[in-house]
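The values are calculated or read from the model by the stated rules, or taken from the named source; none is laboratory data. Everything numeric in this text was worked out from a predicted model, so none of it was measured. Note that we place each Cβ from the backbone using ideal geometry, even for glycine, and neighbour counts take in every protein chain shown. Heads up: the accessible areas ignore ligands, DNA and RNA and are worked out on the full protein's heavy atoms, side chains in. Shrake-Rupley method; radii C 1.70, N 1.55, O 1.52, S 1.80 Å.
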Amino acid sequence: MKVRRAFRFLISSLLLVSAWSASIAFAEPSSLVQTKDYQRARWDPLHFAPAISHARNEDCLACHKEILDDKVRDKSPAGWKASNVKAWYQTLDTYAGKQETFHWRHMKSPYANSVMQLQCNTCHQGNNPRDRAVNPPDKNFTAFTLRKNVNPEICLRCHGKFPQEMMGLPMPWTEMRESLDNNCLSCHVAIRTTRHQVNFLKPEAIEELAQKQGGDVCYGCHGGRQWYRISFPYPRHPWAGMPEEVPDWAKNRPTESEARFRIPAAGKTQ
């Protein structure tokens, strides 16, 4: 008798969970915002594939608007005023204004809007409350981001180390840029000319600003705002006059960008 009761209780519990999950799966994000039901909102389909791939900024900011409204501290807990301290990335010519929050700098600052078109789902590919991991990871664990809301590889694209060794340069860019008139295009006018062709950047604007404002436009995302000790292995898109022989350091490099970042051809959608 006890076994039967336990079995019936288990079946009824599973049916209740299934019904609850179904009600969430077909709920509209706007309705969840109106009810302000945090537990239901956590499991909204917008936080999972495939819905997250098509999420608009308005969908995300309906619940997460505070990320753009937050302000930095006027002074640190130790008493240092923000106005009296400069981070290394603030020394670049392309940095303007006072200290601001991370999300505001990436999505609302004038310079970011001139060279980038970042969307929430460029960096955030959902959030699983169970373990906050991409599930399942691939065999090489490249997609496994346990306990992280963002895959750090996304950040590495613009916040990696300047690859001077790979480029065959004798010293860091900061020590040799004056000898090249702080102009990356003095070499790259003919080398690796197919660049920045991804949907979260504005390729034409970057090229135009690089010609007008100089190397800090390029260096800003190629070492000038470094947070990691390594460099991102950018794809080697073929360019006109590209040598047929592939150097040893590039033999395992991809030749095109990740599928979700590719710019669709005219008349086609991704």
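Output yes when any residue across region 103-115 is of a type outside the set (Val, Ile, Thr), open to solvent by less than 60 Å² (accessible area, probe 1.4 Å) and more than 22 Å from VAL150 (Cβ to Cβ), and no when none is. Within region 103-115, one or more residues are of a type outside the set (Val, Ile, Thr), open to solvent by less than 60 Å² (accessible area, probe 1.4 Å) and more than 22 Å from VAL150 (Cβ to Cβ).
Here's the yes/no breakdown for (1) over 14 Å from VAL115 (Cβ atoms); (2) under 17 Å from the mean Cα position of the chain (by Cα); (3) surrounded by fewer than 17 Cβ atoms within 10 Å (Cβ to Cβ):
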position	(1), (2), (3)
PRO172	yes, no, yes
GLU178	yes, no, yes
CYS187	yes, no, yes
GLN211	no, no, yes
GLY215	yes, no, no
ARG225	no, yes, no
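Checking the conditions here, which among ASP69, ASP93, ASP37, ASP74 is in contact with an Asp or Glu (Cβ under 8 Å, 6 or more places away or on another chain) and over 18 Å from VAL150 (Cα atoms)? Among ASP69, ASP93, ASP37, ASP74, only ASP93 is in contact with an Asp or Glu (Cβ under 8 Å, 6 or more places away or on another chain) and over 18 Å from VAL150 (Cα atoms). For region 212-269, a residue qualifies if it is among the basic types (Lys, Arg) and outside any loop (DSSP other than H, G, I, E, B), and the qualifying residues are LYS212, ARG260, ARG262.
Would a scan of region 236-253 turn up a residue that is aliphatic (A, V, I, L, M) and under 26 Å from GLN117 (Cβ atoms)? Scanning region 236-253 turns up no residue that is aliphatic (A, V, I, L, M) and under 26 Å from GLN117 (Cβ atoms). Evaluating ARG56 against the criteria (1) modelled with pLDDT under 90; (2) open to solvent by 100 Å² or more (accessible area, probe 1.4 Å) leaves one unmet condition, (1). So for region 20-28 (the condition being at pLDDT below 60, exposed (fewer than 10 other Cβ atoms within 10 Å of the Cβ) and part of a loop (DSSP other than H, G, I, E, B)), does at least one residue qualify? There is at least one residue in region 20-28 that is at pLDDT below 60, exposed (fewer than 10 other Cβ atoms within 10 Å of the Cβ) and part of a loop (DSSP other than H, G, I, E, B). Applying a threshold of 8 Å to beta carbon distances and a minimum spacing of six or more residues, or different chains, the list of pairs starting in region 87-105 at a residue that is closer than 10 Å to ARG225 by Cβ and of a type in the set (Val, Ile, Thr) and ending at one that is open to solvent by less than 20 Å² (accessible area, probe 1.4 Å) and not in a loop (DSSP other than H, G, I, E, B) reads THR94/ASP216; THR94/VAL217. Looking across region 189-209 at every residue that is open to solvent by 50 Å² or more (accessible area, probe 1.4 Å) and part of a helix (DSSP H, G or I), the one that is nearest to LEU169 (Cα to Cα) is identified as GLU208.
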